[in-house]
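Nothing in this text is a laboratory measurement; each read-out follows from the coordinates by a stated rule. Because the structure is predicted, anything quoted here is derived from the model rather than measured. FYI the Cβ positions are ideal-geometry reconstructions off the backbone, even for glycines, and counts take in every protein chain you see.
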Ligand SMILES: Cc1ncc(C[n+]2csc(CCOP(=O)(O)OP(=O)(O)O)c2C)c(N)n1
Ligand SMILES: [Mg+2]
């Protein structure tokens, strides 16, 4: 099963390589990884999407916690949470498809961030399902380039169950 | 007062209580070595290879429980430490390894003798540091020792650029360290411990498996009390030898690939395993799906990642072994009323039957020198009161099987990594810590040649280590596998003509060399060696056909063992070595 794991780390030299080295050294896979500073510039958040059975994911969580620079590990998959990813897609539609591209962008609340006589670059933010759906619809229109940020996730501030 | 980085380094080591370090000089550490020239409180032992320095620091650490320290130069000096660091990492041994580095300005430039040692050792250290600013140095050293010694211990590396050793800063030694992201769990959960106590009380066939964690947490006393009050038999992993007295009536000796038949049988038949400070290495479990099929498992370990890593666990207790056992013993004493002695009678009987079925034995009547005989005589003559280091291979297994380790920290052997060349430098480290103890490296003719240069270190520092070479003129352990599983095709394991004359080698280094070629010479040679207050090489020319038994073949369940008795007696063994 797929897990989105949020890791708070000391923002230190080499920390990314410690995390990625843990995954490669132990044969765990990383589907996506995104890193950024938190409000406290000494701390970064890494959001890692990985997959494995419960046994492996339990090990991943524990191994991450064991790294000296890791402050906190949260498996978002176990919590009510919000996930987002951003993609930028450069399409070069035929003349007759141009209107459809713009319509799709609008439906998906995308933004045109660049355009040229032959291309549009569209930015879309959302969860995985939305992005996949958007990409599938755009695919026949001729996708030239495609970049994505990798997932970021945050827990919902929920009402505690009694 | 401002001090240079080199001064801060040495002051910090003294503040940490370091008395000895092992090392090797070079360009970027010249400033540090210059200070060591007049240093009174710190003694640097010059080894003859950086690998030797790290193994010596490791032997020092295993024998004393305190972090060993090594100091080497950049580039090749640093890369030479990697095997030593990986050896310590696999066995959770506390080390602080200080490597020189090219000046900060040059890092990343492929400068002369530059190696990215922080990058290279990231996967085989517990943690490592590159010190970029001299004002961070004292705190870094404090943190390095803290990380190396606490939690699950391990090696820590500090990379020290040359300019940091010469620039100046105020020296502030921190009284304590707090690393917010590093908080090992020491206290076991009391509820879990109580549950465990009741499980143990109810079990009909309980068995303790004690590992290296018993030794690193200094819990031999607590373990013995635990075993004695509950009457539960104890088997040890190779790393756990000495954690429980090998000659105790509850001891079943070592388990695993070359463990005793009765220990392995007990595991497979047990209804409750109490695993203490061990990590279910594949050499211990054999075929994992067939491991301990009838047992519930209680697992006590300080490292949560060891728990449920490769076997299912019914009751995990994360904590320091000593503290967990202390609470456990109290709980058992105060709360547990189950009358286990009666229930366990059948178990004890069964264990005795297995012991009779396949005792640890060898051909005692042989005329040739059997390696097991040498080990037994070493045990007899030292009354089990020596510190034994080993190399790797058959020599190591015979040393594990036929010497009884009654005290912790008397068995120094590379378990997880299985590093040939470990024993001699490790023995030197232990001898430095205990100048009056008898320290013996049980060696193979192959392994001893991997760090044989350290004999010079022993001689010049008057460290009277004894090396018992079980000379079979083969890379014996590999040969054993070739004999059993590769139709006696001895591809590149026959050392025969090229095995050097170890007596002459010893003499060339101004040590003493002795040789035994007949069984009757074994005891006299041992006695003579033990009486000499200098380093001695003993060359025991043993029966090369001897193998380590019993043995669990790779991929088999641990009670599917091969025994010496099953060997088909071939009329005449012809040596078919492949050149
Ligand atoms: C550095 C290293 N290289 C290779 C091996 C693989 N290996 C394991 S045992 C062994 C043979 C050791 O020969 P020797 O020291 O003579 O010991 P014996 O088994 O003959 O007692 C070898 C090559 C190893 N453990 N370590
Ligand atoms: Mg040999």
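Hydrodynamic analysis of the stretch B:53-117 uses the Kirkwood radius over alpha carbon pairs. Inserted into Stokes-Einstein at 37 °C and 0.692 mPa s, it gives a translational diffusion coefficient of 267 µm²/s. In plain terms, the C-alpha convex hull of the protein assembly as shown casts an average shadow of 40.5 nm² when viewed from every direction.
Rounded if a/c is under 1.5, else prolate if a/b beats b/c, else oblate: with a ≥ b ≥ c from the C-alpha gyration tensor eigenvalues square-rooted, which is the stretch B:1-50? Since a/c reaches 1.5 but b/c is at least a/b, the shape of the stretch B:1-50 is classed as oblate. The spacing between the stretch B:382-457 and the stretch A:108-136, judged by their C-alpha centroids, is 66 Å. In terms of the mean number of neighbouring beta-carbon atoms within 10 Å, the peptides B:486-495, B:245-254, B:322-331 order highest first as B:322-331, B:245-254, B:486-495. For B:60, B:261, the sequence from fewest to most other C-beta atoms within 10 Å is B:261, B:60.
Pairs of Cα atoms in the stretch B:80-156 fall into 5 Å distance bins, from 0 up to the last occupied one, in shares of 3, 16, 25, 23, 19, 10, 4, 1 percent.
Annotation: the residues A:141, B:105, sorted from fewest to most other C-beta atoms within 10 Å of their own C-beta, follow the order B:105, A:141. For the stretch B:205-256 versus the stretch B:1-23, the spacing of their alpha-carbon centroids is 38 Å.
In the stretch B:468-556, the alpha-carbon atoms span a convex hull of 124 Å³ per residue.
Normalised radius of gyration (Cα atoms, divided by 2.2 N^0.38 Å) for the stretch B:344-410: 1.34.
Size descriptor for the stretch B:117-238, Kirkwood hydrodynamic radius: 18.1 Å (Cα pairs only, one decimal).
The Rg/Rh ratio for the stretch B:240-304 is 0.94, where Rg is the radius of gyration of the alpha carbons and Rh is the Kirkwood radius. Eigen-decomposition of the gyration tensor built on the alpha-carbon atoms of the stretch A:55-162 gives equivalent ellipsoid semi-axes of 37, 16, 11 angstrom, largest listed first. From least to most packed, judged by other beta carbons within 10 angstrom and beginning with the fewest, B:146, B:176 follow the order B:176, B:146.
Taken along its principal axes, the alpha carbon cloud of the stretch B:1-128 reaches lengths of 40, 37, 27 Å, longest axis first. Computed on the stretch A:1-115, the Cα convex hull volume stands at 163 Å³ per residue. Fraction of C-alpha pairs exceeding 17 angstrom in the stretch A:2-60: 37 percent, rounded to a whole number.
The Cα center of the stretch A:55-71 and the Cα center of the stretch B:32-67 differ in position by 34 Å. Panel note: the C-alpha atoms of the stretch B:251-353, placed on their principal axes, show extents of 39, 36, 21 Å (largest first). With q set to 0.12, 0.14, 0.15, 0.20 Å⁻¹, the log10 of I(q)/I(0) for the stretch B:352-496, from the Debye formula over equal scatterers at the Cα positions, is -0.52, -0.70, -0.80, -1.26. In the stretch A:70-132 the Cα-Cα distances spread across 10 Å bins starting at 0 as 19, 41, 20, 13, 7, 0 percent of all pairs. Normalised by 2.2 N^0.38 Å, where N is the number of residues, the C-alpha radius of gyration of chain B stands at 0.99.
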